[in-house]
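Have a look at the structure below, then the notes.
Computed from the coordinates by the stated procedures, all read-outs in this text should not be read as laboratory data. Only a predicted model underlies this, so the values are computations on that prediction, with no experimental measurement involved. Every residue, glycine among them, receives a Cβ derived from its backbone with ideal geometry; neighbour counts consider all protein chains shown.
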Amino acid sequence: MDDSALDQIKEIKIDPPAQNQKPAGRFNRRKLLKIAGLILGVFLLILVVLGGVIGVPAYRTYKDAVVFYQSAKDTYQSAKAQDIAQTESKLGNTQEKLAVVRKDYAALAWTKAIPFAGAYSADAEHFINAGTYGLEAAQVIVESVKPYADILGLKGQGTFAGGTTEDRITKAVETLDKVTPQIDTVAAKMALVQKEIDAVDPNRYPVSFRGREIRGQITNLKDTLDISGQFLTQARPLVKKLPDLLGASTERKYLILFQNDAELRPTGGFITAYAVFRVEKGKIHIDSSDDIYKLDDTITKHVTPPEPISKYLNVYSWRLRDANFSPDYPSSMKTFMDLYNSSTDKKKIDGIITMDTHVLLKILQVLGPISVYNTNFTTANVPQCACPMVIYELEKYADEPKSYARGSRKDIIGVLLSAMMQKALQAPKQLGEPLFQTAISELQTKHILVYLLDQEAEQGVLAVNFGGAIKDYPGDFLHINDANLGGAKSNMYIKQTATVDTKVTANGTETNLTIEYRHTHPADNCSLERKEGLCLSGIYRDYLRVYLPAGASVSEVRGFENTPTTYKDLGKTAVSGFFTVVPLGLARIQIKYTTPVKFNGWYSLLIQKQPGTNQNHYKLTVNGQKQEFDLTSDREIRVKL
């Protein structure tokens, strides 16, 4: 190295570190902390801003939504109470409450663009839209039925007040064709409701929050709307055809069949009498009424009956009085029509309406006593049979031995039906309303069944569950169907209890079913040689069919007096057999079976009531959860697993 280079090195001066200078590492850490603090402050500021921009309006929206929900519940309760005036008032109030919620949400609509949280914001909009369309549909319904409030027995003043029941029906039929198109508007609104709710994914939500079920409620709402949509689609033809079915443009003719539920048969009772009536512009005219045996004498066609009828009734040609042997009412009525069409006295009819003694009792309770054949029929109980007087007199007139010929022994029922119908049609307004409500109740509880030959209208009847069909159902299923093949009216005294114990497994269900039949009355003199008295309480001879879900596997059956049979029928697995119960005796049928029906979260069971039965008792246990009830109509059971 030369001397000049060394001189340069010597001249380099290295200053000592300043007294307060800190190492570079410590300096960088403090700087980073300051930056982090700044970022945190900005973030907190953003949260505060968002709290004002999102949190405040979100809370306000929530509070107003709760108010809207309560108003909607109040409106529903008014509708359930059939108060049309109050429903209309509360419906308007509920629409106002929803408008407030929609205005609140407008301040939050932009949050739909936020990842993740935006999905919940979009769901809120879907719910608000669904509520709007639903309320609009309800408004159309209220405005459509309001003029008919007095006829339908609703609380509120319609526009057809005054006159007899027949007068108001006639006036209503004249205007129905202007109202029925509104069903299309309602269906369109409900389709929009369903579209909005279908856009909501229940799986985004927790199963529950603070003890309240969330996901299940949304799923149930979607399922309910699906069912409602199907209902509207299927029922629409009936509503639109209603004016025509009531003879608005062309006279219509219907056959009424009376079923005696004291002698229970699959669709409600032994067919005893019939009547033919015409409807023209809402006016009803009785053409004829008579004993079913007389109509049977006009049948020219021979059809071999089902084996139980020939075996237990010793009848070898199928007759109209036994035609209702299928538990599926439409199937039974097709059999009836097939035989009826061979009658030399047949009439061209548009449908069949059946009713049982329960209907007689309910109508008499509204109309009061009715006199026929010098007998004043009432609903008062009489000690001779521990039953209503009208039932005792009908059975007495039909079955009590007499030492003299009495023309038609059973036409009294047809004559009474005719007299009741005439009195009902001439009833003043104060009776017309409860009569209509009674008719609806009897339809809902299957004491009245309807079968229409018009296939579109018939589908509507089935949709509103007035047609007595055995239903398809995706969950568990049970239908118990009895056929009294003994002649005596023992069903007046039979108390039936069904105990259903079901265990839900990963593979389906395991069920023990026990059906008890308790005969509660001493025996009557049922000798064919008796000179007087009625044979009401005799040996109960029952052909039982139990319908289970398709694919059910039956492992054990006990209690029948013959060898039970398991087979497929009406899209179900059926178990059938025969047994008897003596007066004051008890019979017990036991069936063990499994089904392949699987459930996730909720167990569902549809129990279909047999027409003509009244308050059969059920004891149900599902995975240890118990409930008891009397079956008065078809009932769907849902149990959280």
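General remarks:
- Long pairs among Lys90/Lys429; Lys253/Lys471; Lys347/Lys531; Lys73/Lys146; Lys311/Lys348; Lys346/Lys568, criterion Cα-Cα beyond 31 Å: Lys347/Lys531; Lys311/Lys348; Lys346/Lys568
- Alpha carbon centroid spacing (whole Å) that separates region 297-345 from region 525-584: 20 Å
- Panel order for Trp318, Trp602, by other beta carbons found within 10 Å of each beta carbon, from fewest to most: Trp602, Trp318.
- Note on region 58-245: Cα-only Rg and Dmax are 19.4, 65 Å.
- Taken as Cα centroids, region 265-292 and region 61-82 sit 44 Å apart, rounded to the nearest whole angstrom.
- Most positive-pole-ward Cα, Leu453, Ser289, Val359, against dipole of the chain from beta carbon charges: Val359
- Correct option for volume of the Cα convex hull per residue in Å³ [calculated from the coordinates] among (i) 251; (ii) 167; (iii) 150: (i)
- Stretchable slack from Lys80 to Lys568, in nm (0.36 nm times residue separation minus alpha-carbon distance): 171.7 nm
- In percent, rounded to a whole number, the relative contact order of the chain is 11, using alpha-carbon pairs under 8 Å and six or more apart.
- Part-to-part distance (alpha-carbon centres) for region 497-513 and region 603-641, which is given in Å: 12 Å
- Rounded tilt (10° steps) of 165-179 against the dominant C-alpha axis of the chain: 40 degrees
- Divided by 2.2 N^0.38 Å, where N counts the residues, the Cα radius of gyration of region 266-400 comes to 1.18.
- Here Leu586, Leu295 are placed in order of increasing Cβ neighbour count within 10 Å, fewest first, which gives Leu586, Leu295.
- Aspartates and glutamates with Cα under 16 Å of Lys241, excluding same-chain neighbours fewer than 8 positions away: Glu174, Asp177, Asp184, Glu251, Glu280, Asp350, Asp454, Glu456, Glu458
- Approximating the spin labels as points 7 Å out from Cα along Cα→Cβ, the Glu636-to-Leu586 distance works out to 3.6 nm.
- The fraction of all Cα pairs in region 205-318 landing in successive 5 Å bins from 0 to the largest distance is 2, 9, 9, 11, 11, 10, 11, 10, 8, 6, 5, 5, 2, 1, 0, given as whole percents.
- Ranked by how many other beta carbons lie within 10 Å on average, peptides 269-278, 620-629 from highest: 269-278, 620-629
- Taking every C-alpha pair closer than 8 Å and separated by at least 6 residues, the mean separation divided by the residue count of region 252-463 gives a relative contact order of 23 percent.
- With the gyration tensor restricted to C-alpha atoms of region 476-640, the semi-axes of the equivalent ellipsoid amount to 33, 16, 12 Å, longest first.
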